[in-house]
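Student: Questions regarding the structure given below will be posed in turn.
The values are calculated or read from the model by the stated rules, or taken from the named source; none is laboratory data. Small disclaimer: the values here were computed from a predicted structure and weren't measured. Ideal geometry is used to build each Cβ from the backbone, glycine not excepted, and the neighbour counts take in all protein chains shown.
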Amino acid sequence: MKRLMFLVCGLALIAATGFSAPDSAQTSSFRAGVASATVNPPEGVFLGGNEYNRKSTTVHDNLYAKAIVWDDGKTPLALVVVDALSLQYEPTVKAIRAAASEKTKALHIPPERIIVQATHTHCAPDTIGIYGPDATTCGRNEAYMKQLIDTASDQVAKAATNLQPATLSYAETECVGWAVNDSEPKILDNSVTILICKNAQGQPVATLTNFACHPTVLDENTQQISADWAGAFYKKMGETLPAEHLFLQGGVGGWIQPETPERTFALAEKYGNDLAAKVLAAIPNAKPVEGTDIRFAHKVFQMPCPSPMFKQMSELNLVARNMAGGAVETEVAWFALGNAQFATHPGETAPEYTKETKALMKTGPCFILGLAIDHLGYIIPPRFFDNTKDIKFAEYLTSMSPGREAGASMMAALKEIIPAAK
């Protein structure tokens, strides 16, 4: 009876103080490892986005390749996030995956289970090739591309060697006030979803923050290298919570931008600090992820691509892949860490595709990884093509889109691989 009373009192004390018993669904076989390195270019490379003939000068804040590897003892999986304008499926993503898989032979991570994502800063090198000295000259620096591929794949390998027992939790919040939809103001997703990875001692190893907004406070007048507001986010998170902090870009197509009354580093810092403050405030209320089993599925498919612009870029050899045949090979992936689910979008996708994808996943915290595995421009609903005069910026967005069927093609592929959709 005394032992029973002691147990009851102990449970009451735990409840009163807000502590919880260890989550029995999270097993000790689950491990995680992280690594990061800078991927700053040499001075004088062409910068991506905004205007032609914009060359880099000094580094204002670092560009990073950040990797995290998870292993449940059966299905290792890696995610590497790069502060880059774009990471094309061919040849860049395939090259990173192949190199990283070769470097992680001991753990045996197949290339398809290495998810590669870009943050889409416009103050990073032109990794596509369409922002050179003029409209017909490739701006991609092949020496830098090799450096980026080597460094990104190295981080996956280092993360795999840094594996240690880990637990997962998640938090959710909103970041409202400065991320807006310039095309359709009423259609917006300000949600922020955070995954927290801790070691066996309960210390944070990594946080992954999923939020949708272009890192484009800075404009064509900026020639300094910068991760834009994401750089300030990394800095503030690291100063407050020692760990590796990854920013996972969401669906920013159609057209999710920061409000820019000025185009300054000070404003970029303000926005990055604001997101960090909201994430840090949410983390103490984090809930355990249910389970740690890793599940994965992916699909390679042909996306319809009738775009005259994409065809022209291919014919001029501005891009290092063939997009002139009316369709282009691309890929989507879905994976789960316990009940935390992730789905990739191969471009800048409109907010409604975020909503539709999360509805397919149905349960648990859901993460949408935009510009992941590929970047095929703007993946936007058919109405943008039907109302180019009525929807703000629709003419530009449709010109830089694979075509009106891109969204339906992507969603059909995701429906095939997301288990909850069946």
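So that you can scan it fast, the table gives a plain yes or no per residue for (1) farther than 14 Å from Pro42 by Cβ; (2) within 17 Å of the chain's Cα centre (by Cα); (3) in a helix (DSSP H, G or I):
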position	(1), (2), (3)
Ile109	yes, no, no
Glu112	yes, yes, yes
Val116	yes, yes, no
Gly129	yes, no, no
Pro133	yes, no, no
Cys138	yes, no, no
Thr151	no, no, yes
Ala157	yes, no, yes
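Student: Taking the criterion of being under 21 Å from the mean Cα position of the chain (by Cα) and small (Gly, Ala, Ser), would at least one residue in region 345-355 satisfy it?
Tutor: yes
Student: Being out of contact with any strand residue (DSSP E or B) (no Cβ under 7 Å at 6 or more places or on another chain), surrounded by 19 or more Cβ atoms within 10 Å (Cβ to Cβ) and at negative phi: is that true of Glu142 here?
Tutor: Numbers: out of contact with any strand residue (DSSP E or B) (no Cβ under 7 Å at 6 or more places or on another chain): yes; surrounded by 19 or more Cβ atoms within 10 Å (Cβ to Cβ): no; at negative phi: yes.
Judged against the criteria, Glu142 is not a match.
Student: Which of the residues spanning region 339-353 are over 29 Å from Ser314 (Cα atoms) and either among the aliphatic types (A, V, I, L, M) or surrounded by 24 or more Cβ atoms within 10 Å (Cβ to Cβ) (or both)?
Tutor: Residues satisfying the conditions are Ala340, Gln341, Phe342.
Student: Do you know which residues across region 167-215 are of a type in the set (D, E, K, R) and free of Cβ contacts under 8 Å to residues at least 60 places away in the same chain?
Tutor: Lys186, Lys198
Student: Test of understanding: among Gly202, Gly251, which residue is crowded, with 20+ Cβ neighbours inside 10 Å and out of contact with any Asp or Glu (no Cβ under 6 Å at 6 or more places or on another chain)?
Tutor: Details: Gly202 fails: crowded, with 20+ Cβ neighbours inside 10 Å.
One residue alone meets the criteria, Gly251.
Student: If we keep just the residues of region 332-374 that are at pLDDT 95 or above and charged (D, E, K, R), which is nearest to His120 (Cα to Cα)?
Tutor: Going through the qualifying residues, I end up with Glu348.
Student: Does region 178-198 contain any residue that is at pLDDT 95 or above, under 14 Å from Asn273 (Cβ atoms) and out of contact with any Leu (no Cβ under 8 Å at 6 or more places or on another chain)?
Tutor: Yes, that holds for at least one residue.
Student: Mind listing whichever residues of region 120-139 are of a type in the set (Asp, Glu) and either surrounded by fewer than 24 Cβ atoms within 10 Å (Cβ to Cβ) or without any contact (Cβ under 8 Å) to a residue 12 or more places away in the chain (or both)?
Tutor: Kept after step one, since they are of a type in the set (Asp, Glu), are these residues of region 120-139: 126, 134.
The answer is Asp134, and nothing else.
Student: If we scan region 229-248, do we find a residue that is polar (S, T, N, Q) and outside any loop (DSSP other than H, G, I, E, B)?
Tutor: Within region 229-248, one or more residues are polar (S, T, N, Q) and outside any loop (DSSP other than H, G, I, E, B).
Student: Sticking with this structure for a sec: In region 255-271, which residue that is in contact with a strand residue (DSSP E or B) (Cβ under 9 Å, 6 or more places away or on another chain) and either buried (at least 16 other Cβ atoms within 10 Å of the Cβ) or among the small types (Gly, Ala, Ser) (or both) is modelled with the lowest pLDDT?
Tutor: Step one: list which residues in region 255-271 are in contact with a strand residue (DSSP E or B) (Cβ under 9 Å, 6 or more places away or on another chain), which gives 255-259, 267-268, 271.
Pick out the ones that are also either buried (at least 16 other Cβ atoms within 10 Å of the Cβ) or among the small types (Gly, Ala, Ser) (or both) and you get 255-258, 267-268, 271.
On the way: Trp255: 94, Ile256: 98, Gln257: 97, Pro258: 98, Leu267: 98, Ala268: 98, Tyr271: 98.
Across region 255-271, the extreme among qualifying residues is Trp255.
Student: Residues to consider are Leu241, Leu280; find the one that is farther than 27 Å from Thr349 by Cβ, touching a strand residue (DSSP E or B) at 6+ places or on another chain (Cβ under 7 Å) and surrounded by fewer than 18 Cβ atoms within 10 Å (Cβ to Cβ).
Tutor: None of the others qualify; the one that does is Leu241.
Student: Provide a single number: the residues in region 249-273 that are closer than 23 Å to Asn221 by Cβ and either touching a helix residue (DSSP H, G or I) at 6+ places or on another chain (Cβ under 8 Å) or not in a loop (DSSP other than H, G, I, E, B) (or both).
Tutor: Residues that pass the stated criteria total 15.
Student: Among the strands (runs of 3 or more DSSP E) lying completely within region 308-422, list those that include at least 2 residues that are closer than 17 Å to Val116 by Cβ and either without any contact (Cβ under 8 Å) to a residue 40 or more places away in the chain or touching a His at 6+ places or on another chain (Cβ under 8 Å) (or both). Spell out how you get there, then give the answer.
Tutor: Details: elements: 326-337, 340-344, 366-369.
Correct list: 326-337, 366-369.
Student: Between Thr137, Thr104, which is among the β-branched types (Val, Ile, Thr) and out of contact with any strand residue (DSSP E or B) (no Cβ under 8 Å at 6 or more places or on another chain)?
Tutor: Residue meeting the stated conditions: Thr137.
Student: Given the conditions (1) surrounded by fewer than 19 Cβ atoms within 10 Å (Cβ to Cβ); (2) under 28 Å from Tyr170 (Cβ atoms), report the number of the one that Phe393 does not fulfil.
Tutor: (2)
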